[in-house]
1. Name the single residue, out of those in the range 112-133 being under 14 Å from the mean Cα position of the chain (by Cα) and within 20 Å of residue 13 (Cβ to Cβ), that is surrounded by the most Cβ atoms within 10 Å (Cβ to Cβ).
2. Could you say which residue among 25, 46, 52, 33 is farther than 30 Å from residue 155 by Cα and touching a residue at least 40 places away in the same chain (Cβ under 8 Å)?
3. Tell me whether the range 23-44 contains one or more residues that are at pLDDT 95 or above, closer than 27 Å to residue 148 by Cα and surrounded by 20 or more Cβ atoms within 10 Å (Cβ to Cβ).
4. Out of the residues in the range 45-72 meeting the condition of being under 20 Å from residue 23 (Cβ atoms) and surrounded by fewer than 20 Cβ atoms within 10 Å (Cβ to Cβ), tell me which one is nearest to the chain's Cα centre (by Cα).
5. For the structure I just gave you, tell me whether residue 19 is at negative phi, in contact with a helix residue (DSSP H, G or I) (Cβ under 7 Å, 6 or more places away or on another chain), modelled with pLDDT of 95 or more and not in a helix (DSSP H, G or I).
């Protein structure tokens, strides 16, 4: 496992925001090594997990779903991109905010083993303050940011107003 010291803080964070997460043996055939979405939560096999940051990304997919859809989410769920503000970009922005909240190095989340070989480009984008998916998080009331939220108040991305979408 890459970054094994990050596993427990990530696991505890996901549980703490209200997403069900359990340790369980999983087969080799999961979409991401050691991770499976089931019953609106996450099952993780620490012995098969390669990249702990992938847990944040998958939790992001669940977190940006409306609550009614989140409870039904499984590996074979229909494409969440069909649900407004619940797509890949919002999941990435949510995961970035979670990594910042946890004080993780960016490479834990956006690692060389993922993102179709584009992790370096993504890291550079985030370093410059370009956050794909931020607009959707703002419009769904999960965070605030200048240009997307009329009155930002004191909470601004990457800080979150709430970690789960209603």
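The values are calculated or read from the model by the stated rules, or taken from the named source; none is laboratory data. Since we're looking at a predicted model, the values are computed, not measured. Virtual Cβ from ideal backbone geometry, glycine too; neighbours counted across all protein chains shown.
1. To start, the set of residues in the range 112-133 that are under 14 Å from the mean Cα position of the chain (by Cα) comprises 114-115, 131-133.
Filter once more, so that each one left must be within 20 Å of residue 13 (Cβ to Cβ): 114, 131, 133.
On the way: 114: 17, 131: 20, 133: 22.
Ranking the candidates gives 133 first.
2. Working: 25 fails: touching a residue at least 40 places away in the same chain (Cβ under 8 Å); 52 fails: farther than 30 Å from residue 155 by Cα; 33 fails: touching a residue at least 40 places away in the same chain (Cβ under 8 Å).
Just a single option satisfies the conditions, and that option is 46.
3. No, the range 23-44 has no match at all.
4. 50
5. Working: at negative phi: yes; in contact with a helix residue (DSSP H, G or I) (Cβ under 7 Å, 6 or more places away or on another chain): yes; modelled with pLDDT of 95 or more: yes; not in a helix (DSSP H, G or I): yes.
Criteria met by residue 19.
Yes/no per residue for (1) modelled with pLDDT under 95; (2) more than 29 Å from residue 2 (Cα to Cα); (3) in contact with a strand residue (DSSP E or B) (Cβ under 8 Å, 6 or more places away or on another chain):
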position	(1), (2), (3)
85	yes, yes, no
88	yes, no, no
94	no, no, no
100	no, no, no
113	yes, no, no
136	no, yes, no
147	yes, yes, no
